[in-house]
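Taking it in order: structure first as structure tokens, then the write-up.
The values are calculated or read from the model by the stated rules, or taken from the named source; none is laboratory data. Note that this is a predicted model, so its numbers are computed, not measured. Glycine gets a Cβ as well: all are built from the backbone with ideal geometry, and neighbour counts include every protein chain shown. With ligands, DNA and RNA removed, areas are computed over all heavy atoms of the protein, side chains included. Shrake-Rupley method; radii C 1.70, N 1.55, O 1.52, S 1.80 Å.
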Amino acid sequence: MPYHGMRMLRTAEAFYITSVTTTVPEDGVLQFDIEFNVPCNPRSIDISAFTVDGKSLPPDTTFKFNKAGTILRFAIPYTAGKTTQLTLDVPQIQSFNGRILYRRHFSNLMCSHMHQFLLEK
């Protein structure tokens, strides 16, 4: 998976998702922005393991990272009004310092909303 930018190792207690933002930028498309507390290693991502509402993503789904490597963006086909709450399952991802993603299941996500998460200890 190609990516750009310089990824710096950071020392952190855990590697986790800080927010998931869902938007509908155009009819028939649902966009996810997943923000991590530290840069993730794009080579550790198994694209086929992502699921939304228990369904695998379409094979032509493209993933994009911001320059810092802390935000992952992808879009999928979406029928407006289909559901008000979504479930997102993220595969096992690693940060550049080898830490495994702490939490990988997110339920009750609403469309066109930013959901923030804290590290649960």
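Structure data summary
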quantity	calculated
Qualifying residues in segment 61-82 (those that are exposed (fewer than 13 other Cβ atoms within 10 Å of the Cβ) and in contact (Cβ under 8 Å) with a residue 12 or more places away in the chain) - the one nearest to Phe36 (Cα to Cα)	Lys67
Phe117 being under 16 Å from Ala14 (Cβ atoms) and either open to solvent by 30 Å² or more (accessible area, probe 1.4 Å) or among the acidic types (Asp, Glu) (or both)	yes
Selected residue (criterion: nearest to the chain's Cα centre (by Cα)) from residues of segment 29-46 that are among the aliphatic types (A, V, I, L, M) and part of a loop (DSSP other than H, G, I, E, B)	Ile45
Lone unmet requirement of (1) open to solvent by 60 Å² or more (accessible area, probe 1.4 Å); (2) at pLDDT below 90; (3) over 14 Å from Arg104 (Cα atoms) for Gly28	(1)
Cβ-Cβ under 8 Å pairs, at least 6 apart or on other chains, segment 103-120 side within 12 Å of Phe32 (Cβ to Cβ) and modelled with pLDDT under 90, far side in a strand (DSSP E or B) and of a type outside the set (Val, Ile, Thr)	Cys111/Leu30; Cys111/Leu86
Subset of segment 88-112 (residues that are over 14 Å from Thr18 (Cα atoms), open to solvent by 60 Å² or more (accessible area, probe 1.4 Å) and in a strand (DSSP E or B))	Gln94, Ile100, Asn108, Met110
Evaluation of Ser56 against (1) in contact (Cβ under 8 Å) with a residue 12 or more places away in the chain; (2) of a type in the set (S, T, N, Q); (3) open to solvent by 70 Å² or more (accessible area, probe 1.4 Å); (4) on the phi < 0 side of the Ramachandran plot (one fails), failing number	(1)
